[in-house]
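The block underneath contains the structure these notes are about, expressed in structure tokens.
The values are calculated or read from the model by the stated rules, or taken from the named source; none is laboratory data. Values in this document were obtained by computation on a predicted structure and should not be read as measured data. As a convention, Cβ positions derive from the backbone with ideal geometry for all residues, glycine included, and neighbour counts pool all protein chains shown.
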Amino acid sequence: MGEWMDKARTRLREENYRLTRQREILCRVFIDNPGRHLTAEEIREYTIGTDHPLGLATVYRTLSILEDVGLIGRIDMGDGVARYEFTGGDFRPHYHLTCLECGSVTEVEWPGIKEVGDVPGIDGFEVTDHSLLFFGICSHCRNRTEDERNSNSREGGDSYAKR
Ligand SMILES: [Zn+2]
Ligand SMILES: [Zn+2]
């Protein structure tokens, strides 16, 4: 995935930004966590384990620049906490299924719409952004509730604690 970092460097350069240490660290967090949708706090915690821990203000400032140049996408899951995902790699447009029990996020492709603006039946309206969220109970949590129903014992701890 070294080529993703090269892509990030190229993209930043196109917008007259340099790949600074902070920007590189943030890209690295996403590249090391493919498919994750991370909050700024989670990103900050992740950097604590590296040689270059970042403060929350730096994380936000860096995220905002990476978002501006299109390397990172911000997702609003409707719970007031912004999550971010890396869009600088082999990114394909997708939608998110959020589990109301455990907060896990599953990605799903929507066959009808390949990119923003590709909305059938509209004329003269330039779509620049869109939002479509799915909420429900993930298979993990559904199995868990069934297990609970099937057993009379409730001693087992909750290993899927709410986030
Ligand atoms: Zn779940
Ligand atoms: Zn996603």
Six or more apart or on different chains, Cβ under 8 Å: which pairs go from a residue in segment 13-30 that's aromatic (Phe, Trp, Tyr) to one that's surrounded by fewer than 20 Cβ atoms within 10 Å (Cβ to Cβ)? Could you list them? Tyr17/Ile65; Tyr17/Val69; Phe30/Arg36
In segment 34-57, anything under 16 Å from Arg74 (Cα atoms) and part of a loop (DSSP other than H, G, I, E, B) is listed as Pro34, Gly35, Arg36, His37
Looking across segment 27-49 at residues that are within 12 Å of the chain's Cα centre (by Cα) and among the hydrophobic types (A, V, I, L, M, F, W, C), the single one that is surrounded by the fewest Cβ atoms within 10 Å (Cβ to Cβ) is Ile31
Picking from Arg21, Arg61, Arg11, Arg83, the residue that is outside the structural domain of Phe134 (by TED's automatic domain parsing), farther than 28 Å from Cys138 by Cβ and touching a His at 6+ places or on another chain (Cβ under 9 Å) would be Arg21
For segment 62-73, enumerate the residues that are surrounded by fewer than 16 Cβ atoms within 10 Å (Cβ to Cβ), without any contact (Cβ under 8 Å) to a residue 24 or more places away in the chain and not acidic (Asp, Glu). Ser64
